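This report concerns only the one structure given below.
Each reported figure results from applying straightforward, stated rules to the coordinates on display, with no laboratory input. Because the structure is predicted, anything quoted here is derived from the model rather than measured. Don't worry about glycine lacking a Cβ; one is built from the backbone with ideal geometry, like all the others, and counts go over all protein chains shown.
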Amino acid sequence: MKKLLGATLITLFAFSSSAAMHSLPFTQTDLEYVDESKTYDVDYHTISEITVEEVEIGDELVWAPQYKGFDKNLGEIIMVVDKLIALGKKIWTIVEAGKPVVTVDMGKPISVLPKTDSGQLAAFYDMDSWSMPMARTYKVSFKNGFGSSVIGFDYTVNFQWGGRYEYKGAYLTGLNVQASNVSVSWGFNFDASSELVSIVNHGSRDNPVAGAAVRVKYTAKSVLREIKTSESFHVTGNGQIQKLY
């Protein structure tokens, strides 16, 4: 088998024929060290397409009770923009070694709250009008050269929105991403993580509307190649969620 060591293959995909399903761009790089004594099926170990689509979810994935001490600590300060402050954990793992990470130690969910002189915890307890938890689930599939799904999983975005402080604003809390239904075929490894990329004020200084952009990053490996891709979404204090492809 002829191998191009160190070469990077960049594959770009446009929207698929289904309005609900999209293909993601990705990079695929030959591994530097491959066992020359073995014969590999290139089509099996090479990814040809990565797709993502929104799916219906069960109630068990909405606001999963995976965080302890939420009422004691909102997490570390991640970033500050204008009159907004983001607290929680900037980067967190959702899939590790092909298994979903759902533990009480994975970190605090993200909150985007008003920046006040009284302290963010005090401000949080003075807030009202929070919505019921909102959740959206997306199914991701890595297909090989045979068109078979060799890596698949669902991830769910949870958050609450609409919180007001002193009868103004629309803020976010409990924003997190969790994985489920992970399947990884023989010969592949898979990891995924989430990261808060930015926060923004969609409103005015006197009446802020919080927004937060989160990126989900994937790294997969076969015995021949490493595959990397990512996708992003944006949520707002008005209860909107938009996928960014």
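In this structure, the residue pairs whose Cα-Cα separation is over 27 Å, taken from Lys143/Lys243; Lys108/Lys243; Lys115/Lys139; Lys139/Lys168, are Lys115/Lys139; Lys139/Lys168. Of all aspartates and glutamates in the structure, those lying under 19 Å Cα to Cα from Lys38, and not within fewer than 8 positions of it along the same chain, are Asp30, Glu226.
Listed by chain and number, the aspartates and glutamates whose alpha-carbon sits under 16 Å from that of Lys89, ignoring those within fewer than 8 places in the same chain, are Asp71, Glu76, Asp105, Glu195.
Report relative contact order for the range 131-245 in percent, whole number only (criteria: Cα-Cα under 8 Å, sequence separation at least 6). Let's see the in-between values first.
Details: 263 pairs, mean separation 23.5, N = 115.
Value for the range 131-245: 20 percent.
With θ taken as phi - 60° and the Karplus curve 6.51 cos²θ - 1.76 cosθ + 1.60 applied, the whole-hertz 3J(HN,Hα) list for the range 143-160 is 10, 8, x, 8, x, 8, 7, 9, 9, x, 6, 10, 10, 10, 9, 10, 6, 10 Hz, x standing for glycine and proline. Placing a pseudo-label 7 Å from each Cα along the Cα-to-Cβ vector at Asp43 and Lys90 gives an inter-label distance of 4.5 nm.
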